[in-house]
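Each value in this text was obtained by applying a stated rule to the coordinates, not by laboratory testing. As the structure is a computational prediction, the values presented were derived from the model and not from experiment. Note that we place each Cβ from the backbone using ideal geometry, even for glycine, and neighbour counts take in every protein chain shown.
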Amino acid sequence: MSINVAIDGPAGAGKSTIAKLIAKKMGYIYVDTGAMYRAMALYFIRNGIKPEETQKVSEKCKDADISIAYRDGEQVVLLDDENVNGLIRTEEVGNMASATSANKNVREKLVELQKKLAANADVVMDGRDIGTVVLPNADVKIYLTASSAVRAKRRYDELVAKGEKADLSTIEADIIERDHRDMTREISPLKQADDAVLVDSSYMTIDEVVQTVVDLIKKIK
């Protein structure tokens, strides 16, 4: 029987980084659900669709071909057979993904794929509603968070390291706005599942967070 690990939390909490490391350490498959929503967001941007055009979002998402392939242990997100890993981590795509991920049709299309992956393999999946909606029966559920200031600084450092211009106060304002949007949306809002373990990474190292989750997984094996 497959083991499912669900990691939820707000933007910038380090979910993807932690999930990847746990998957590697345990030999599980890492499923970055956020990347799938970002690929869909990129698809909308390329088609000139604005976040507020909800009807167009609902209709157009049905035509998007988004899939996941694994090459040398790395997850590759494909949009119409194009590897878009290097194109979906911009602020523009992130904001579009946050705005359109609440769309019922978008979520239905991507959740179906996510559930199929989890049914057939040991997976670590991260996102906003994994423990509450996508994998409600996950063996281990984590709600990973950090203060908005810490998350903004992490994102700032990440952008600066890439040689991009960044403003810390603007980034934190965007994060706070995105938190509010994610937590108050009508469909699958971001919230901690009743049976999820809260992990605040504000003052923890990456290794400490990974070990905390790995210890929880080992308890159920």
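Among the GluC sites (Glu not before Pro) found in the range 154-194, those both in a DSSP coil and sparsely packed, with 11 or fewer other Cβ atoms within 10 Å of their Cβ, are Glu164, Glu186. Along its principal axes, the range 73-125 has C-alpha extents of 33, 28, 21 angstrom, given from the largest down.
Under the combined filter of DSSP loop state and at most 11 neighbouring Cβ atoms within 10 Å, the range 82-163 retains these trypsin sites (Lys or Arg not before Pro): Lys162.
Only Cα pairs under 8 Å and 6+ residues apart enter the sum, and on that basis the relative contact order of the range 115-198 stands at 40 percent.
For the chain, what percent of Cα pairs sit more than 23 Å apart? The partial results should precede the final answer.
Numbers: 10932 of 24310 pairs.
Value for the chain: 45 percent of Cα pairs lie more than 23 Å apart.
May I ask you to derive the relative contact order of the chain, considering only C-alpha pairs under 8 Å and at least 6 residues apart, and to give it as an integer percent? Could you put the intermediate results ahead of the total?
On the way: 348 pairs, mean separation 72.3, N = 221.
Once divided by the residue count of the chain, the mean separation gives 33 percent.
If a paramagnetic tag sat 7 Å from the Cα of Ser202 along the Cα-Cβ line, which residues of the range 3-20 would have the backbone N under 19 Å from that point? Label zone hits: 8-15. Amide H contacts of Ile3 (H built 1.01 Å from N, in plane; Pro and chain starts excluded): Asp122, Val123 sit under 5 Å, all sequence-distant by 5 or more or on other chains. Here the Karplus relation 6.51 cos²θ - 1.76 cosθ + 1.60, evaluated at θ = phi - 60°, turns the backbone of the range 178-192 into coupling constants of 5, 4, 4, 4, 5, 7, 10, 5, 5, 9, 6, x, 6, 7, 7 Hz, with x for every Gly and Pro.
Excluding Ser101 itself, calculate the net charge of residues whose Cβ lies under 14 Å from the Cβ of Ser101, where each Lys or Arg counts +1 and each Asp or Glu counts -1.
Surrounding charge for Ser101 is 0.
Can you classify the range 146-221 as rounded, prolate or oblate using the Cα gyration tensor, where a ≥ b ≥ c are the square roots of its eigenvalues, rounded means a/c under 1.5, and otherwise it's prolate if a/b beats b/c and oblate if not?
On the way: a/c = 2.92, a/b = 1.34, b/c = 2.18.
Taking the square roots of the gyration eigenvalues as a ≥ b ≥ c, the range 146-221 is oblate.
Across the range 16-31, computed HN-Hα scalar couplings (Karplus, 6.51 cos²θ - 1.76 cosθ + 1.60, θ = phi - 60°) run 5, 4, 5, 4, 4, 5, 5, 4, 5, 5, 8, x, 9, 8, 8, 10 Hz from first to last residue, x flagging Gly and Pro.
The string of couplings for the range 146-162 from the Karplus curve (6.51, -1.76, 1.60, θ = phi - 60°) is 6, 5, 4, 5, 5, 5, 5, 5, 4, 5, 4, 4, 4, 5, 4, 5, 7 Hz, one whole number per residue in order, with x for Gly and Pro.
If you restrict to DSSP beta bridges whose two residues both lie in the chain, what percentage is antiparallel, to the nearest 5?
Working: 8 of 25 bridges.
Percent antiparallel among DSSP bridges in the chain is about 30.
With a cut-off of 15 Å between beta carbons, the residues surrounding Pro10 carry a summed charge of +1, where Lys and Arg count +1 and Asp and Glu -1.
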